[in-house]
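Report on the following structure.
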Amino acid sequence: MTVASPARPESRAAGVHRLVCRNCGAAEDVDRAAEHDPCLEPATGTGFRIEAAEVTFRGLCPACRARADGD
């Protein structure tokens, strides 16, 4: 894992989501579980032309989980 900004859309490949550790800030891309993300489609009538959508999962990375479980 690398420490990085959770929002790096210009450098992210299509078909991936982001994992970000809320404790140390480690971040990495993770493949989507499905080909299409229906929850990323907004309700109709917004007037927006959607160009991109992002999913960021926040939690504890394995190293921080191990430290937390050891306390």
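Data for the structure
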| read-out | value |
| --- | --- |
| Residues that are assigned to a loop (DSSP other than H, G, I, E, B) and either surrounded by 10 or more Cβ atoms within 10 Å (Cβ to Cβ) or within 12 Å of the chain's Cα centre (by Cα) (or both), drawn from the stretch 43-71 | 53, 54, 55, 60, 61 |
| Members of the stretch 30-41 found to be exposed (fewer than 10 other Cβ atoms within 10 Å of the Cβ) and assigned to a loop (DSSP other than H, G, I, E, B), listed by number | 33, 34, 35, 36 |
| Residues of the stretch 1-29 satisfying the condition of being at pLDDT 90 or above and either touching a Pro at 6+ places or on another chain (Cβ under 9 Å) or outside any loop (DSSP other than H, G, I, E, B) (or both) | 18, 19, 20, 21, 25, 26, 27, 28, 29 |
| Matching residues in the stretch 41-57 - criterion: being among the acidic types (Asp, Glu) and either in contact with a helix residue (DSSP H, G or I) (Cβ under 6 Å, 6 or more places away or on another chain) or within 21 Å of residue 26 (Cα to Cα) (or both) | 54 |
| Tabulated pairs, the stretch 25-45, first among the β-branched types (Val, Ile, Thr), second modelled with pLDDT of 75 or more, C-beta under 9 angstrom, 6+ apart or interchain | 30/16; 30/17; 30/18; 30/19; 30/57 |
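The values are calculated or read from the model by the stated rules, or taken from the named source; none is laboratory data. Predicted model only: the values in this text are computed from it and were never measured. We place every Cβ from the backbone using ideal geometry, glycine too, and count neighbours over all the protein chains shown.
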